[in-house]
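**Q** Handing you this structure, nothing more for now.
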Amino acid sequence: MRVETIEPDDGDGAKRSPIAAVGGVHGDEPCGVRAIDRFLETDLRDRIRRPVKLIVANEAALAAGDRFLESDLNRSFPGDPNGDAHEERLAHDLLREIEDCFTLGFHATVSDDRPFGTLADPTPRKARVMRALPLDHAADFTGVVEGRSVTLPGFVNVEAGYQGSDAAADNAFDCLVAFLRATDALPGDVTPSPTGHFRVRETIEKPPGRSYRVHVENFERVPAGTTYATVDDRELRAAEPFRPVLLSADGHDTLLGYAADRVGQL
Ligand SMILES: [Zn+2]
């Protein structure tokens with residue numbers, strides 16, 4: 001794990017609580033790392049006015065180009081300092097690093113090229129940050145997942161775009177700057193925009209099969225009866241209306257994605 005800590009020069013700023021951004025939670029999603037490295041090369045770093053930690057989490061998995069080495073870091077919280085798996089120990093170390101921070105994590109997907117946010121247990125601060133980031137939608141995983149970064153207090157994520165793309169790295173950089181402005185770590189205006197609030201209600205399991213296709217757009221309403229995916233020659237139809245989140249044919253071994261409802265705006 002690489003941790004770059006930026007301390008402001010002035011004494012009052014240095015006393016404020018730290019802000020963190022974490023890239024490379026998954027080793028095959030380099031967008032956040034690219035955003036962090038790009039930020040460190042700009043003169044924006046000299047304008048930081050409260051302590052900021054820029055963290056590259058799973059360096060070994062990044063070097064391997066794999067999502068993880070031994071266990072999925074994003075499913076390993078709170079971790080274990082004596083755990084057998086590299087990512088169990090890393091989850092523990094990462095959590096210690098960010099325990100006092102309000103934190104933005106970076107991910108990428110194979111389901112959507114538009115950036116969107118993920119969060120759980122929305123607070124006014126989380127909602128304010130989501131509105132400040134350049135994204136239209138936020139998926140709320142409250143009560144649906146456990147042991148993930150999104151369920152940590154004071155933690156939100158951005159899914160910055162398609163895995164490995166330049167666009168995802170650009171989106172991640174824009175989100176990093178907006179995040180630092182929204183948390184008053186950087187001077188500059190934020191232009192908040194309403195962010196659609198999508199409450200995830202359940203997982204959509206992946207039935208056994210050889211070939212998978214998805215026929216609907218994430219976040220767009222799927223009416224009841226719609227064929228939203230096919231598995232080999234079998235059609236999967238919506239029993240009731242839903243909004244797909246992270247729905248993709250090849251994103252995960254056992255999940256096609258999630259079903260959500262739009263509940264308003266953050
Ligand atoms: Zn990820």
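**Q** Looking at (1) at pLDDT 95 or above; (2) in contact with a Leu (Cβ under 9 Å, 6 or more places away or on another chain); (3) surrounded by fewer than 21 Cβ atoms within 10 Å (Cβ to Cβ), find the lone condition where Pro194 falls short.
**A** That leaves (1) as the condition not met.
**Q** Something else: Only one residue in Thr103, Thr109, Thr123, Thr118 is surrounded by fewer than 20 Cβ atoms within 10 Å (Cβ to Cβ) and among the β-branched types (Val, Ile, Thr), so which one is that?
**A** Numbers: Thr103 fails: surrounded by fewer than 20 Cβ atoms within 10 Å (Cβ to Cβ); Thr109 fails: surrounded by fewer than 20 Cβ atoms within 10 Å (Cβ to Cβ); Thr118 fails: surrounded by fewer than 20 Cβ atoms within 10 Å (Cβ to Cβ).
Criteria check complete, one pass: Thr123.
**Q** Pick from Arg131, Arg45, Arg114, Arg38: which is over 28 Å from Tyr258 (Cβ atoms) and either at pLDDT below 95 or touching a Ser or Thr at 6+ places or on another chain (Cβ under 6 Å) (or both)?
**A** Details: Arg131 fails: over 28 Å from Tyr258 (Cβ atoms); Arg114 fails: over 28 Å from Tyr258 (Cβ atoms); Arg38 fails: either at pLDDT below 95 or touching a Ser or Thr at 6+ places or on another chain (Cβ under 6 Å) (or both).
Result of the check over Arg131, Arg45, Arg114, Arg38: Arg45.
**Q** Still on this structure, I have one more. Just wondering, is there one or more residues in the range 179-195 that are more than 15 Å from Thr123 (Cα to Cα), under 15 Å from the mean Cα position of the chain (by Cα) and assigned to a helix (DSSP H, G or I)?
**A** Initial filter on the range 179-195 (more than 15 Å from Thr123 (Cα to Cα)): 179-181, 184-194.
Those left that are additionally under 15 Å from the mean Cα position of the chain (by Cα): 179.
Pick out the ones that are also assigned to a helix (DSSP H, G or I) and you get 179.
Yes, the range 179-195 contains a residue that is more than 15 Å from Thr123 (Cα to Cα), under 15 Å from the mean Cα position of the chain (by Cα) and assigned to a helix (DSSP H, G or I).
**Q** Follow-up question, since we're still on this one. From the residues in the range 24-41 that are touching a Phe, Trp or Tyr at 6+ places or on another chain (Cβ under 9 Å) and more than 16 Å from the ligand (Cβ to nearest atom), which one is farthest from Thr103 (Cα to Cα)?
**A** Selected residue: Arg38.
**Q** Hey, another quick one. Ile55 versus (1) under 26 Å from Leu256 (Cβ atoms); (2) under 16 Å from the mean Cα position of the chain (by Cα): which is the lone unmet condition?
**A** So the condition that Ile55 fails would be (1).
**Q** Any residue at all in the range 146-157 that is more than 15 Å from Gly105 (Cα to Cα) and surrounded by fewer than 20 Cβ atoms within 10 Å (Cβ to Cβ)?
**A** Filtering the range 146-157 for residues more than 15 Å from Gly105 (Cα to Cα) gives 146.
Checking which are surrounded by fewer than 20 Cβ atoms within 10 Å (Cβ to Cβ) leaves us with 146.
Yes: one or more hits.
**Q** When residues of the range 42-87 are filtered for being buried (at least 18 other Cβ atoms within 10 Å of the Cβ), under 21 Å from Val150 (Cα atoms) and more than 16 Å from the ligand (Cβ to nearest atom), how many remain?
**A** Adding up the residues that qualify gives 4.
**Q** Residue check, Ala91 against (1) surrounded by 22 or more Cβ atoms within 10 Å (Cβ to Cβ); (2) within 16 Å of Ala185 (Cβ to Cβ), all met but one. Which one?
**A** All conditions pass for Ala91, except number (2).
**Q** For the range 134-153, enumerate the residues that are within 15 Å of the ligand (Cβ to nearest atom), modelled with pLDDT under 95 and among the hydrophobic types (A, V, I, L, M, F, W, C).
**A** Filtering the range 134-153 for residues within 15 Å of the ligand (Cβ to nearest atom) gives 139, 141, 145, 147-152.
If we keep only those that are modelled with pLDDT under 95 as well, we get 145, 147-152.
The answer is Val145, Val150, Leu152.
**Q** Could you please give the count of residues in the range 94-134 that are within 22 Å of Pro51 (Cβ to Cβ) and of a type in the set (Ser, Thr, Tyr)?
**A** Adding up the residues that qualify gives 2.
**Q** Restricting attention to the range 129-167, which residues are out of contact with any strand residue (DSSP E or B) (no Cβ under 7 Å at 6 or more places or on another chain) and not in a loop (DSSP other than H, G, I, E, B)?
**A** Arg131, Ala132, Thr151, Asp166
**Q** OK, next. Check every one of the strands (runs of 3 or more DSSP E) wholly within the range 196-266 and list those with 1 or more residues that are more than 14 Å from Asp112 (Cβ to Cβ). It would help to see each step written out before you state the result.
**A** Working: elements: 196-205, 212-214, 227-231, 234-237, 243-245, 255-265.
Filter on the range 196-266 gives 196-205, 212-214, 227-231, 234-237, 255-265.
The values are calculated or read from the model by the stated rules, or taken from the named source; none is laboratory data. Given the structure is predicted, the values throughout are model-derived calculations rather than measurements. Note that each Cβ is placed from the backbone with ideal geometry, even for glycine, and that neighbours are counted across all protein chains shown.
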